[in-house]
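J.: The structure under discussion is supplied below as structure tokens; questions concerning it will follow.
The values are calculated or read from the model by the stated rules, or taken from the named source; none is laboratory data. Source: prediction; values computed, not measured. No Cβ is skipped: glycine too gets one built from the backbone with ideal geometry, and neighbour counts run over all protein chains shown. Keep in mind that these areas ignore ligands, DNA and RNA; they rest on the heavy atoms of the full protein, side chains included. Shrake-Rupley method; radii C 1.70, N 1.55, O 1.52, S 1.80 Å.
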2 protein chains.
Amino acid sequence: MHILVTGAAGFIGSHTVLELLESGYTVLCIDNFANAISVTDEHGNAISLKRVAAITGKPVPFQNVDVCDEAALEKVFAENKFDGVIHLAALKAVGESVAKPLQYYSNNLVASLNLIQMCLKYNVKNFVFSSSATVYGPPSELPITEKSQTGQGITNPYGQTKYMMEQILIDVGKANPEWNVVLLRYFNPVGAHKSGLIGEDPKGVPNNLMPYVGQVAIGKLPVLTIYGDQFDTVDGTGVRDYIHVVDLAKGHVKAFDRIKNVGNVGTEIYNLGTGVGYSVRQMVDALKKVSGRDIPVKIGVPRPGDVASVFCDPSLAQEKLGWRAENGLEEMCADLWNWQTKNPQGFSA
Amino acid sequence: MHILVTGAAGFIGSHTVLELLESGYTVLCIDNFANAISVTDEHGNAISLKRVAAITGKPVPFQNVDVCDEAALEKVFAENKFDGVIHLAALKAVGESVAKPLQYYSNNLVASLNLIQMCLKYNVKNFVFSSSATVYGPPSELPITEKSQTGQGITNPYGQTKYMMEQILIDVGKANPEWNVVLLRYFNPVGAHKSGLIGEDPKGVPNNLMPYVGQVAIGKLPVLTIYGDQFDTVDGTGVRDYIHVVDLAKGHVKAFDRIKNVGNVGTEIYNLGTGVGYSVRQMVDALKKVSGRDIPVKIGVPRPGDVASVFCDPSLAQEKLGWRAENGLEEMCADLWNWQTKNPQGFSA
């Protein structure tokens, strides 16, 4: 199967492309580097994807395309024949989305609407979408299952765009029963590929915990602020369901494997997490251990919308996709550290 | 105040423009006739708005503009200075939205995003949005207040677009505290202006009850199908909160009056309904009475998502806007019938 991957040069994109190639899929990668300005070489190619080509020994065709640019996107569809798309392209900085809501709604919704339109026009019926645990809002129950309530208490436009895209895709799937729509709700992706050649390279100060912790460990940032240590958890710090990015990437492959094997599955929704929650302190301690570095922390106040614990029940993905996370806390931290030490300046060095 | 009204030629739009003019506001009307292909004269002007000009004796400037056309919309903003916008333009056929979800999401979201973008760019800070009772989904409580849950159980893309636009505007309002955003949640608008010169002129077979009943009464349609007569209501048929369109239109004027008088109100949400529910049979009987016509009915099965009763608590609008519906069931039916008999073919005759 030939798969169009949007947002392919990013953290999840590059790992997903790698796993697709390792499983015999071919890809066309598109990205416009909206989230990472400095990860192209002097020819404008994605460094992350060049490394994927090096790791896999396979071609990784790439085009710099903004999915919001309808004409540019149509050219991609007119010139290629896809069996499916994986739609990862989106603005994703939670804090920025609160400050610039229109930019987030416009970019994330218009990109997705354009992509759906092209899929309808060019008869591409298999659509895998990168959704997020954020659609659940503050969990109504733990562990979170795919049947748990969504759409209530989402505190930022980024999360709202993920929720809205789910609704839109569910309705498009209903109106086009021959489509297969797979909504993958990511929990907290961390780690990096074992090679240490690709990993997370956030623009500016990291928004997510583990890249931040990694940069503190290596001395790029002075101290980690832990937002709240009085939650009702094992040690008072927030508990989340971290998942190794390679496991997450494999979930996308499994989604297409299922479509290939089963045929018309309709619309399906899967949690992609380990089902195990770790606290901020547990994550910090684990990275301390693998890195042998000191990681100074200070305690701040909880951020608006922060909750004590979020973790999922991933059993539906195991049952239907034959997928489960294989990497635990130690691999997540070891692989992050391997990437971090080999690429202290990310891809831009 | 000079107000841009989108979707101005439609049922709610034309009545709203009329009430704005009667209250001393000036307007620029735009519409692209997406919902009503045949309501222009031979020069492409909106017949409904020409009648508003005739009724009020005031100019009703009009431009045929698709709000989804960013360049055309920008021209409108570049050439005019608005104090506020009333955004009514949207595709609105519930059933069609289920069959063509992408068309509904694209049109309604892109139009709204474009309009917000222009308001930000041209410093127009007062935004009144036509929301709908549909955002509540199946009511979690009766009467419905503005604090009742929204976003759960909405069964069609039309309703989802209204809910999404509310979320987007709420977030834009938060990020721009100098803005005034007023979300008006319409219940079921019916009736027509007393003059009988403007009213509801649905394209094709009416989707809403009362235009359908009117067309049965006048003999254009043979029989009304009542979808379910076994609900837990006064007579088994569904109960809704019908509101006279002139009252609804005045709600928009009151929203701008409040902004004019109070200044920065931030984001506010109001139910616009009477607070009184009538059943389908009660509505039919009332129209029978004012028309003196027979209205044949047959009983069908309830449609997916139909619920027994929906009516609101409109007291917040009374308290904050000084607004309440002045017309009751009799006026709603008498004015509908007056419009219907004077314009048996709607505006196209």
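J.: Checking A:SER48 against (1) in contact with a Phe, Trp or Tyr (Cβ under 8 Å, 6 or more places away or on another chain); (2) under 25 Å from A:ASN126 (Cα atoms), which single condition isn't satisfied?
T.: Here A:SER48 clears every test but (2).
J.: In the stretch B:300-314, what count of residues is obtained for those that are open to solvent by less than 40 Å² (accessible area, probe 1.4 Å) and among the hydrophobic types (A, V, I, L, M, F, W, C)?
T.: Residues meeting the conditions: 4.
J.: Could I ask something else about it? Can we say A:PRO344 is farther than 22 Å from A:ASP229 by Cα, open to solvent by 20 Å² or more (accessible area, probe 1.4 Å) and assigned to a loop (DSSP other than H, G, I, E, B)?
T.: So A:PRO344 fits the description; yes.
J.: Taking A:ARG185, is it touching a Cys at 6+ places or on another chain (Cβ under 8 Å), away from every other protein chain (no Cβ under 14 Å) and among the basic types (Lys, Arg)? Give the derivation first.
T.: Working: touching a Cys at 6+ places or on another chain (Cβ under 8 Å): yes; away from every other protein chain (no Cβ under 14 Å): yes; among the basic types (Lys, Arg): yes.
For A:ARG185, the condition - touching a Cys at 6+ places or on another chain (Cβ under 8 Å), away from every other protein chain (no Cβ under 14 Å) and among the basic types (Lys, Arg) - is met.
Residue by residue, here is whether (1) in a strand (DSSP E or B); (2) exposed (fewer than 14 other Cβ atoms within 10 Å of the Cβ) holds:
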site	(1), (2)
A:GLU268	yes, no
A:LYS289	no, no
A:LYS298	yes, yes
A:GLN318	no, no
A:ALA334	no, no
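J.: Tally up the residues in the stretch B:215-237 that are farther than 20 Å from B:TRP339 by Cβ, open to solvent by 10 Å² or more (accessible area, probe 1.4 Å) and either under 20 Å from the mean Cα position of the chain (by Cα) or among the hydrophobic types (A, V, I, L, M, F, W, C) (or both), please.
T.: Total satisfying the criteria: 3.
J.: Tally up the residues in the stretch A:181-201 that are surrounded by 18 or more Cβ atoms within 10 Å (Cβ to Cβ) and part of a loop (DSSP other than H, G, I, E, B), please.
T.: 9
J.: Could you pull out the residue among A:ALA46, A:ALA8, A:ALA54 that is small (Gly, Ala, Ser) and either within 14 Å of chain B (Cβ to nearest Cβ) or open to solvent by 10 Å² or more (accessible area, probe 1.4 Å) (or both)?
T.: Working: A:ALA46 fails: either within 14 Å of chain B (Cβ to nearest Cβ) or open to solvent by 10 Å² or more (accessible area, probe 1.4 Å) (or both); A:ALA8 fails: either within 14 Å of chain B (Cβ to nearest Cβ) or open to solvent by 10 Å² or more (accessible area, probe 1.4 Å) (or both).
Matching residue, one of A:ALA46, A:ALA8, A:ALA54: A:ALA54.
J.: Moving on to the next point. Could you list, in sequence order, all residues of the stretch A:57-69 that are part of a strand (DSSP E or B) and open to solvent by less than 50 Å² (accessible area, probe 1.4 Å)?
T.: Within the stretch A:57-69, just A:PHE62 meets the criteria.
J.: Given the options B:TRP339, B:TRP323, name the one that is open to solvent by less than 20 Å² (accessible area, probe 1.4 Å), in a loop (DSSP other than H, G, I, E, B) and not polar (S, T, N, Q). So that I can check it myself, show each step before the final result.
T.: Details: B:TRP339 fails: in a loop (DSSP other than H, G, I, E, B).
Answer to the check: B:TRP323.
J.: Another question about this same structure. Within the stretch B:79-101, identify whether any single residue is more than 14 Å from chain A (Cβ to nearest Cβ), modelled with pLDDT of 95 or more and assigned to a helix (DSSP H, G or I), and answer yes or no.
T.: Yes, because at least one residue in the stretch B:79-101 is more than 14 Å from chain A (Cβ to nearest Cβ), modelled with pLDDT of 95 or more and assigned to a helix (DSSP H, G or I).
J.: Please enumerate the residues belonging to the stretch B:104-152 that are open to solvent by 10 Å² or more (accessible area, probe 1.4 Å), within 10 Å of chain A (Cβ to nearest Cβ), closer than 17 Å to A:GLU166 by Cβ and not in a helix (DSSP H, G or I).
T.: B:THR150, B:GLN152 - these are the residues of the stretch B:104-152 that are open to solvent by 10 Å² or more (accessible area, probe 1.4 Å), within 10 Å of chain A (Cβ to nearest Cβ), closer than 17 Å to A:GLU166 by Cβ and not in a helix (DSSP H, G or I).
J.: Starting from residues that are outside any loop (DSSP other than H, G, I, E, B) and under 21 Å from B:GLY251 (Cβ atoms), keep the ones in the stretch B:21-41 and report whichever is most open to solvent (accessible area, probe 1.4 Å).
T.: Among those that are outside any loop (DSSP other than H, G, I, E, B) and under 21 Å from B:GLY251 (Cβ atoms), it is B:GLU22.
J.: Here's a follow-up. Within the stretch B:153-177, take every residue that is closer than 13 Å to A:ALA99 by Cα and open to solvent by 20 Å² or more (accessible area, probe 1.4 Å) and give me the one that is nearest to the other protein chains (Cβ to nearest Cβ).
T.: If we take residues in the stretch B:153-177 being closer than 13 Å to A:ALA99 by Cα and open to solvent by 20 Å² or more (accessible area, probe 1.4 Å), then B:ALA175 is nearest to the other protein chains (Cβ to nearest Cβ).
J.: How about the stretch B:88-103: which of its residues are touching a residue at least 60 places away in the same chain (Cβ under 8 Å) and either open to solvent by less than 70 Å² (accessible area, probe 1.4 Å) or on the phi > 0 side of the Ramachandran plot (or both)?
T.: B:LEU88, B:ALA89, B:ALA90, B:LEU91, B:ALA93, B:VAL94, B:GLY95, B:SER97
J.: Looking only at the stretch A:174-186, count every residue that is in contact (Cβ under 8 Å) with a residue 12 or more places away in the chain and either hydroxyl-bearing (Ser, Thr, Tyr) or more than 16 Å from A:PHE256 (Cα to Cα) (or both) and tell me the total.
T.: Counting residues in the stretch A:174-186 that are in contact (Cβ under 8 Å) with a residue 12 or more places away in the chain and either hydroxyl-bearing (Ser, Thr, Tyr) or more than 16 Å from A:PHE256 (Cα to Cα) (or both) gives 4.
J.: What are the residue pairs meeting all of these: first residue in the stretch B:322-349, first residue over 12 Å from B:VAL246 (Cβ atoms), second residue modelled with pLDDT under 95 and hydroxyl-bearing (Ser, Thr, Tyr), Cβ atoms under 9 Å, and 6 or more apart or on different chains?
T.: B:GLY346/B:SER38; B:PHE347/B:SER38; B:PHE347/B:THR40; B:SER348/B:SER38
J.: Just need a number here: residues in the stretch B:171-187 that are within 23 Å of B:PRO314 (Cα to Cα) and of a type in the set (Phe, Trp, Tyr).
T.: Residues meeting the conditions: 2.
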